[in-house]
Structures are given as structure tokens and as C-alpha cells.
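Participant: For reference, the structure I am asking about is given below.
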Amino acid sequence: MQAARIAPSMGRQLLRLGSGSSRSSALLGQPRPGLSWRPYASGAAQESKSFAVGMFKGQLTTDQVFPYPSVLNEDQTQFLKELVGPVSRFFEEVNDPAKNDMLEQVEETTMQGLKELGAFGLQVPSELGGVGLCNTQYARLVEIVGMHDLGLAIVLGAHQSIGFKGILLFGTKAQKEKYLPKLASGETIAAFCLTEPSSGSDAASIRTSAVPSPCGRYYTLSGSKIWISNGGLADIFTVFAKTPVKDTATGAMKEKITAFVVERSFGGVTNGPPEKKMGIKASNTAEVHFDGVQVPSENILGEVGGGFKVAMHILNNGRFGMAAAMAGTMKGIIAKAVDHAANRTQFGEKIHNFGMIQEKLARMAMLQYVTESMAYMVSANMDQGSTDFQIEAAISKIFGSEAAWKVTDDCIQIMGGMGFMKEPGVERVLRDLRIFRIFEGTNDILRLFVALQGCMDKGKELSGLGNALKNPFGNASLLLGEASKQLRRRAGLGSGLSLSGTIHQELSRSGELAVQALEQFAAVVETKLIKHKKEIVNEQFLLQRLADSAIDLYAMVVVLSRASRALSEGHPTAQHEKMLCDSWCTEAAARIRENMAALQSDPQQQELFRNFKSISKALVERGGVVTSNPLGF
Amino acid sequence: MSWAQAILLARGLSRGWGGICSTALTGAPFSQVTPQAPRGLHCSTAAHQPDSPLVPRPPEPQRGLVKALAPHEELFRQAPDGVRDKASFVQAVQNFTQYNVHKRGHVDFIYLALRKMREYGVERDLAIYNLLLDIFPKEVFRPRNIFHSIFLHYPRQQECGIAVLEQMENHGVMPNKETEFLLTQIFGRKSYPMLKFVRMKLWFTRFKNINPFPVPRDLPQDPVDLARLALRHMEPDLSARVTVYQMPLSKDSTDATDPTEPHIIGIQSPDQQAALAHHDPARPIFIEGPFSLWLRDKCVYYHILRADLLPPEEREVEEIPEEWNLYYPMQLDLAYGRSSWDDYEFNIDEVEEGPVFAICMAGAHDQATLAKWIQGLQETNPTLARIPVVFRLSASSGELLASSSGLEEPPLTPPEGREEEENNQQRQQQSQS
């Protein structure tokens, strides 16, 4: 059934995959990532439940977003409540982020305490010695970590969010039983080794190689990885290396990436000194060298040559955690800003009475609200078993990291000179935060992902239309539907989409804004796809704007959903949430309208892009600023 | 002297009769003679009424024929010292109007003048056309009642007016307000020339820029500039570079002792350069030509440097590796064209005939000259040194005058028959509109 619904092109992938992943994860109660895999994002276009996929097509796919999902059952909620208290207390009483930052490592007592809490195996099933949390529960705890100490969050994240996530997702039963118990208890630490000097996002330029032995029992791994979080502490490494793979179709040997689980005890694994960094100093970042390491073939993660997929899945599955951590960070920062604003007196008045401070605080609250809503929406979708959350996860990472930066920056602004000092601890957060816009796919690259993945799904729909046109009588209903849609759009009638009924009526105005924005957005996506076709991949000025609007749009829907739930369930903060939601929707809709109008019909937009191109070209040619000093020397 | 004049007169006569016969044959309802009477009538209603009965009637048409036709030719022949320019043309027209106050035979004169315009080089001059229209007597041919305007009123005159406008159209001359004013004065608003005028006004503006690759009206005389223009005209890539490999040596300096210095001008786009760089040196490339290219009424010849298309099994498909970018798709899997007959894969550089690497225009079409071009090309395309070049020069290939006009002077202005030139001009016009 599942296979039948998948686009035919995926069929082969699925077949190849079937044998590889069938042995896994019944044990975990987690959705099997292997099924219905397609490049970069899963789920076939036709029946995608993802809102983000739908919005590129001009559809309101509300299955995943309305009502705001709550996936935890009684027991899980109870369990989580029991965990939140001790973890919060631990971070307030035991951990000292300033000291970790100064020492450039996590204090031993803290590490020990975390291990006892089980913080190193939050998502490892309880049979294997972990806490066995689902994604939503995990997000809630990560939020607490993010609120207090981002350096420590990296240590934990690099360990379990990416470090051994590969074993969780793709490991065989034997691999899981061998490694997970020790990793869950924190006895061994894991690290994720992908980045190389020559390879950031470019998987094809990975130089680390793994050569199979003639007997086929082990692989000899050689190469260097850089900027590996936990690189100096870890005993278990998820390493990506090129292996020669025989192409089944042509019989030619090809270099493909394979993921390995490498133990430090195999010998030949060395690491460089800890790197000096701007932020997240508490975490250990180091080069890791593999020099003729003999890795047994049973330590291959997934299948031989399937490392690309493994890497992508690990990264996709880890992103929601970052958004959750950022939501926590913002919460902590906002508390500091409010505390200052409420107590600082200038001109005989508390500064929170000044409009400029008020606007800053309000915006901070909005950004936090949106990020939090996104993080739990995505984690809940993943827990629901959705395989189609990649765009949303990327959006939450982009939005979260940028929102947190803005909030922390504004907090320092509110605090004035005080914020600049080390003592309140805000500057450390700002330093720590910076990396979140860079690692695990820089926000720029993720924006391209958001825009291109969305366009790809929309493009498939258009291709379908193109094929339908070749046989107009056989596809009359499809063509008539499309024709009526186009007619409505031309006539300015709108697409007939509406959120009324799905959202609380007090939010109907914001709902209308969201629907309008969606229509504008979808219209532009369609025009641009038809205009550029495949070449849209190279139109990065355009893609960036599409991604920005997609992010705004998704954010609108997410807060609409959450505020609707608050209103209909009569939460005490419902009216406050309504204000946050309405304010966000008003501003976001205006941004989308402006962006889309410019892309659609502003002749100056093209000129602007050309100017950007030429200016940057000139800078590169001159090796810096082109203009001379106004003084002339 | 006198018999020479007599021959001329006789010739004019026969021409006049020919004209009459032809109009009669082509189905025009009135021949030349009959409209004379009504015109006379109209004239008589005007200023000349008292004179008309005094003039002896019968000899008039005869004298008119003999005298009116002969001076027309003469008007154009009597240009001082044979200079044929706008001034002398205007002079001729003015002579006619001065000489013939009654504008007798003005239709013939206008037809004649239209034919002569090209000789005087004024065929694109709007003022001249207006001047010709001005010859028509005003108010006389305007329809006075509904029957006039229903039936062709003064058909010969109207046809003549249309002929003027048509020649304007053929030369792409846009009529102006003055033309309109003249036409309303002469034929009135409800007349065929006016209809023609209105249509010209409408369509000229719409078709003015219909040719996306316009050829300038006045082509450069210098063969180097002309070649530059022609190459740019052929090469679709705007970033292509025109290189002058050899300037023509003027005849005076070498004095025909060294005639082997013709101009060589080539064009190559960056894409072509890249394609040539990737060309397998084991496969020969060919110089082919000369091929002709018409720029308005000039024919130029060019050669191309091309290779055969690789057999399909050896074609390397440059594909984006499937697993390249960890984070986002580098290639969209969009297999759609807007309709089944649109071919978006078509690439002007990779045609079925094989890739073209460069184009050149040279003053001579022999192997030695073209070898110099290849030498010049090697500076920017070092791989060319390793690729065997085969000359496939066809001698005939529609070259009009290469043999007769010598080597240095390529047949830029082929002295072909007038008709042929006219045909060509018409073809150009058609392709432009």
C-alpha cells in the first residue's frame, strides 16, 4: 500500500532500500525513515500532508497544522512533568554556564550529574538503558538546556542529536545493543564526523576513504575531519567516507559515501587540540584524524554507499531540537530583558514605559512565541509518524536561530551598557548563539533547501499538467480544475481557500491575511517556475525571497494554530496569545505582500539583482572595497 | 540634332501610347484620353473659364501628348553637369510645375519621377514624396457627392496617388501630417489614397520594430566594418568577441605586387571557445565556405569553423552527481514543457549539423588567407594547434562575382541586373515588415 502510493521514480529506491532497513526499528516505536525516502525530503508529492509542501502549490494542507497537535498521552505527560522539575533544578543549582565558558569545558561534576539524570540517552529506548523519550518530550528538555547553557546543549546535542542518531535510525539490532547502552549512560560519548577541509555541504568532495579489505571483513579508513563537536571526548564516531561501490546497472565502480560507526579503541584515531572559538566554548571542538583505522564491516551504518542518505536523515531529524533549544534561550533572555526594563529607572520612570522598549519587548515575545510553536509543531508531526517534515524542520531551524539572535541582540540593547558587560551573562549567549545560524547547514543553504524543495513539489504538479495537456480528453477533470483555478486567480476572486472553521473566529482576520499571503506566494512560485523552469536552481536572489516568504507564511499558520487552540480551550493566556498572533500575522503578511509584489511585477527588482551581481563582482575583482576614500587618499 | 530629337519624340510617343494601352488593358475603367475631358470641365469651372473656348480644341490633345511627354524625360535629363542629387531632382520637379502651369500630364510626370527617384538617391526622402504629391492640382479630384465617393472618382489620379504612397511604403517612409494635409486637399478624406495613408499610419508604427535583428539602413562602405556588422548579425551571443586578424592593405601602398593581404575578421563567443577547448584533438575540424549573407543589397561571404557531431555513443553527458549537496537539491527534477511541441532542450550551439566554433569573413576565399585566420585563432584557442584542420572550400556555392572582380575586392556590391537588385530589395523589405 505504502509502496503503491509512492511516485514511480521512488520505487527503485524503495526496493534497494527495503532489505537495508527492514531489520531496524520495530523496537523503537519510531517512524522508519527508510520508507518512502526521496532526495532531501520524503513523502511523495501527490499525497503530501505537509503544510509547507502545500503552500508552494497554493493549497491549504491543514492536516498537520490544524488543530495544533498534541501527541503526548497521559503517561508521557506525567513522565515529562516528573523530569522537567529535576532537570530545571539541576541547571539552576548545579551547572554554572559562566564557569563552563571560562574553563572552556564542562565541569566534571556537571557531566557526572547529567549522566546520572540520563541526559545522555534521552531518546534511547528504555530497554537499552535510555530514557526513551519521544521527540516532543525531548524538545521540552532541550528547551530547558537551551535556556541555561548553550555550550552544554552542544555537548549533549552533538552526542545524541547527531552523534549516535545514526545508530538509532539506521543501526542493526546488534549495533544498537552493542553501542546504545553505554552511549545512553554517558559512559561513552559520540561524535558526528562529516565536515572536512574541502567539504562543507559538498558531499562529492569528501576525501576520507574507506577501502574494503580483500577478505571483505573490514574497511581501512583514512582521512581527516575538522570542527568535530565532542571530537576530543568521543569514543564512538559516526564517520562518513567514500567507498568504492559497484553500480548495479552499469557494473562500473563508483565512489559513494558510506557511514561507519568507528570506535576510538580500533586504533589509529587521533584528535587535535580543542579549537579556540567565538562561542559555545564549553563544548569540545577538534579535528579528528583516522589513520588506517580498521573498521569491521558489521559497523557499516545503513548500507554500503548509502551514507548520503544516512547523513541527510540524521541532520533532518536533529533540526527540530535546535528550534526547541532556541525557544528556551529566548525565554531566558526575555526574562533578563524584562527584569532590567522593569527595574531600571530613567527620568523618574521605569524604562518599560517607553515605547521603544515596549516595542522591543513585544517583538521579542512574538519571536519566542513563534519559535516555540514551530518547534513543538515539528516535533509533534514527527511523533505522529509524518515522514514529510523536512521543509518545516529546516524552517524551524532557520527561524529559531535568527529569532534568538535578534532577541538576544535586543536584550543587550535594552540593557544598554549593562548588557555589554560579561557579568549578566547575555554577551555569552550572543556569542554562543552565533554558531546556530551556521552549523548543520547554514541558514542560507537551508533557505535554498526550503525554496527548492517546495518548487520541486510544485514543479511535479506542473509537469503532471503538462503531460495531461498532451492527452486533454483523458485528463479532463484535472485540466478543468486547473483552468478554473487560473480563471479565479485572473479574475481576482482568490482561490476560494479559507481557514474559517479551522481557526478560532476571533482570529478570522489574521486567518484571512494568511490565506491571502498564501495565494500571493503560490502565484509567484508558479510564475517563476514557469519562467525559469529548471534554471530556477541558479536564481538565488529569487530563491532567497521565496524562502523568506515561505518561512513567514509557515510561521503565520503555526501561531494561528496555537493561538486558536488556546482560545478554544480557554487557556488563561489566550487573549495574550491572540495579540501575539495578530501582531505577527499583520507584519508577516505585509512582508510577504511586499516581497511577492516586487518579485511579480517590479521591474526594478531585476535591476536590483543585476546591481548586486555587478557590485559583488567588482568587489571580488578589486579584492575589497572598490570606492576610494571620500577624502581622495 | 533635329532627327535625334525626333527619335526622342517618337519614343516618347510610343511610350505614351503604351501607357494608355496598358492602363486600358489592365482594366482601369478609363484610359488617359477620356479623363482629359472632365478635367477640362473642372478646370473650366475654375479660373480658366474665359480662356477655354478660345483655345482651338482639336489640336490640343495631340500637342499635349507630344509636348507633355517629351519634356518630362528632358526635365530629368537636363541636369547640369550630370549631377544627380536631391537638389537636381527638386529642380526637375519645380521645372515641371513652372513650365506647365496647368499641370498637364502631371500623372505621367509623377510616375516618371517615381521611377527616377532611385537614380537620384531620394527614394527615402519624405519631403520629395510630399513634393510629388504637391504636383497634383488641389480640390479638383475631391468627391463632391455621394456618388463620387462610391464610384472611383478620377481613377487614374487616385491610382497615381496610391502609387506614390506605395513607393513610400516599399522604402519604409512614414507619411507625416503634411502628406495627410496634401491628400485631403487633393483627393479628400473619402478616397483610396487616403485609405492607403490611414493604413500606413496604422501598420507602420506596429511593424516598425518587428524585425528583432534590424540591419542599418546605410551599410558601412568599409569592408572591415561591413564584415564586423555581418558577423555580429549572425552571432546570437552578445558576449562574442570580434577580432580583426588582418587589416586590408590599401592598393596604393603595395601597388598590386602583394595582393595577398585581404582583411580577415572573425567572431567567437566564450561558449564556442569553451566548446573548442573541449574538442577531442583526434577529430578533425573543418573550415567550410564561402557562404553568402545578404545585408540589404550587399552580399558578403563568410566561412565557418566547425566539427562533426560526436557519434551518440561517444557523447559525454555532463550530469550533476546525484548525491552531491548534503542540504539542498542542486537539480530540479522538472520534466515539463508547457506543451508537447516546445523544445526547450534546443541549443543553438549544439545543432545537429555539428558545433560551430567560429565564423570569419575574409577578403579572399583561398586557403592561404583562411590559414592566417586559424593562426590568429590559435592565440585564444591553444588547443587549435593540436587539432587537424581540413579545408572544405567550395568554389561555386553561389558566389556571385568572386572570379570576375579579383581577389582583394570581394563582391560587396555585385553589379547584378537592376531587376534582381529590386527583387532583393523587395525581399529585404518583406523580411523587415
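Quick note: the coordinates plus some simple rules give every number you see, no bench work behind them. Only a predicted model underlies this, so the values are computations on that prediction, with no experimental measurement involved. Don't worry about glycine lacking a Cβ; one is built from the backbone with ideal geometry, like all the others, and counts go over all protein chains shown.
Participant: Tell me, A:Glu587, A:Glu569, A:Glu108 in order of fewest to most beta-carbon neighbours within 10 Å?
Facilitator: A:Glu108, A:Glu569, A:Glu587
Participant: If you take every DSSP beta bridge whose two residues both sit in chain A, what share of them, in percent to the nearest 5, is antiparallel?
Facilitator: 85 percent
Participant: Same structure, new question: Report, ordered by chain and residue number, the lysines lying within cross-link reach of A:Lys534, taken as a straight Cα distance under 20 Å and ignoring same-chain residues fewer than 8 apart.
Facilitator: Straight-distance partners of A:Lys534: A:Lys57, A:Lys458, A:Lys460.
Participant: Within 10 Å of each candidate Cβ there may be at most 12 other Cβ atoms; applying that plus a DSSP loop requirement, which chymotrypsin sites (Phe, Trp or Tyr not before Pro) in region B:119-186 survive?
Facilitator: Sparse-neighbourhood loop chymotrypsin sites (Phe, Trp or Tyr not before Pro): B:Phe151.
Participant: Once both labels are modelled 7 Å past Cα along the beta-carbon direction, what's the B:Val101-A:Leu465 spacing in nm?
Facilitator: Result for the modelled spin labels: 7.7 nm.
Participant: Mind checking the full-extension length gain between A:Ser297 and A:Ser198? Use 0.36 nm per residue of separation minus the Cα-Cα distance, one decimal, nm.
Facilitator: Answer, rounded to one decimal: 33.0 nm.
Participant: Could you count how many Lys pairs in region B:123-263 have their Cα atoms under 29 Å apart, skipping same-chain pairs fewer than 8 positions apart?
Facilitator: 11
Participant: Sticking with this structure for a sec: Non-local amide H neighbours of A:Leu301 (under 5 Å, H modeled in plane, Pro and chain starts lacking H): which ones?
Facilitator: The list, which skips near neighbours in sequence, is A:Ala259, A:Phe260, A:Val261.
Participant: What relative contact order, as a whole-number percentage, does region B:144-242 give when Cα pairs under 8 Å and 6 or more residues apart are counted?
Facilitator: 22 percent
Participant: If you place +1 on the Cβ of every Lys and Arg and -1 on the Cβ of every Asp and Glu, how big does the dipole about the Cα centre of chain A come out, in debye to the nearest 20?
Facilitator: Charge dipole of chain A: 1900 debye, to the nearest 20.
Participant: With label points built 7 Å along Cα→Cβ from the Cα atoms of A:Ser205 and B:Arg296, find their separation and express it in nm.
Facilitator: The answer from the label model is 5.4 nm.
Participant: Simple spin-label model, 7 Å along Cα-to-Cβ: A:Lys254 to A:Glu92 in nm?
Facilitator: Output for this residue pair reads 5.6 nm.
Participant: Something else about it: Which whole-Hz couplings ³J(HN,Hα) result when phi for each residue of region A:118-126 is put into the Karplus expression 6.51 cos²θ - 1.76 cosθ + 1.60, θ = phi - 60°, listed in order with x for Gly and Pro?
Facilitator: Per residue, the Karplus-derived 3J(HN,Hα) values read x, 5, 8, x, 4, 9, 6, x, 5 Hz.
Participant: For region B:117-222, max minus min Cα coordinate along each principal axis, in Å, sorted largest first?
Facilitator: Largest to smallest, the principal-axis extents are 57, 29, 20 Å.
Participant: Taking the Cα centre as origin and putting +1 on Lys and Arg beta-carbons and -1 on Asp and Glu beta-carbons, what dipole magnitude results for region B:112-248, to the nearest 20 debye?
Facilitator: For this selection, approximately 600 debye.
Participant: Related question: For region A:173-275, run through the trypsin sites (Lys or Arg not before Pro) and keep only the ones in DSSP coil with at most 11 other Cβ atoms within 10 Å of their Cβ.
Facilitator: Loop-located and lightly packed - A:Arg217.
Participant: Let me make sure I get this right: for region A:467-590, a, b and c are the square roots of the gyration tensor eigenvalues over alpha carbons, sorted descending. Under 1.5 in a/c it's rounded, otherwise prolate if a/b > b/c, else oblate. Which is it?
Facilitator: In terms of gyration-tensor shape, oblate.
Participant: Also, quick follow-up: Sequence neighbours fewer than 8 away in the same chain don't count; with that in mind, list the lysines whose C-alpha is under 23 Å from A:Lys276.
Facilitator: Filter leaves A:Lys99, A:Lys225, A:Lys422.
Participant: I would also like to ask the following. Over region A:430-479, what lengths in whole Å, largest first, do the semi-axes of the equivalent ellipsoid take, defined as the square roots of 5 times the eigenvalues of the alpha-carbon gyration tensor?
Facilitator: Listed largest to smallest, the semi-axes of region A:430-479 are 43, 7, 5 Å.
Participant: If you rank A:Thr250, A:Thr188, A:Thr408 by fewest surrounding Cβ atoms within 10 Å, what's the result?
Facilitator: Lowest count first: A:Thr250, A:Thr188, A:Thr408.
Participant: My understanding is that a pair violates if its Cα-Cα distance is over 26 Å; which of B:Lys86/B:Lys298; A:Lys81/A:Lys115; A:Lys277/A:Lys360; A:Lys254/A:Lys397 do that in this structure?
Facilitator: A:Lys277/A:Lys360; A:Lys254/A:Lys397
Participant: Kindly provide the trypsin sites (Lys or Arg not before Pro) of region A:271-314 that DSSP labels as loop, not H, G, I, E or B, and whose Cβ sees at most 15 other Cβ atoms within 10 Å.
Facilitator: Loop-located and lightly packed - A:Lys276.
Participant: OK, next. Please give the contour-minus-distance gain from B:Arg386 to B:Phe213: 0.36 nm per residue of separation, less the Cα-Cα distance, rounded to one decimal in nm.
Facilitator: Extra length from B:Arg386 to B:Phe213 when fully extended: 58.6 nm.
Participant: Using Cα-only point scatterers and the Debye equation, what is log10 of I(q)/I(0) for region A:419-527 at each q in 0.13, 0.24 Å⁻¹, rounded to two decimals?
Facilitator: One equal scatterer on each Cα of region A:419-527 leads to -0.77, -1.23.
Participant: Once amide H atoms are built 1.01 Å from N in the peptide plane, which residues 5 or more positions from A:Glu255, or in another chain, come under 5 Å H to H?
Facilitator: Correct list: A:Val245.
Participant: In whole percent, what relative contact order does region A:317-387 give with Cα contacts below 8 Å and a gap of six or more residues?
Facilitator: It rounds to 43 percent for region A:317-387.
Participant: Moving to a separate point now. Can you give me the long-range amide H partners of B:Val356? Hydrogens built in the peptide plane at 1.01 Å from N, cutoff under 5 Å, separation of 5 or more residues or another chain.
Facilitator: B:Val351
Participant: Classify region A:176-236 as rounded, prolate or oblate from the Cα gyration tensor: take a ≥ b ≥ c as the square roots of its eigenvalues, call it rounded if a/c is under 1.5, otherwise prolate when a/b beats b/c and oblate if not.
Facilitator: Oblate shape, in that a/c is at least 1.5 and b/c is the bigger or equal ratio.
Participant: How big is the Kirkwood radius of region A:153-290, worked out from every pair of different alpha carbons and given in Å to one decimal?
Facilitator: 15.6 Å
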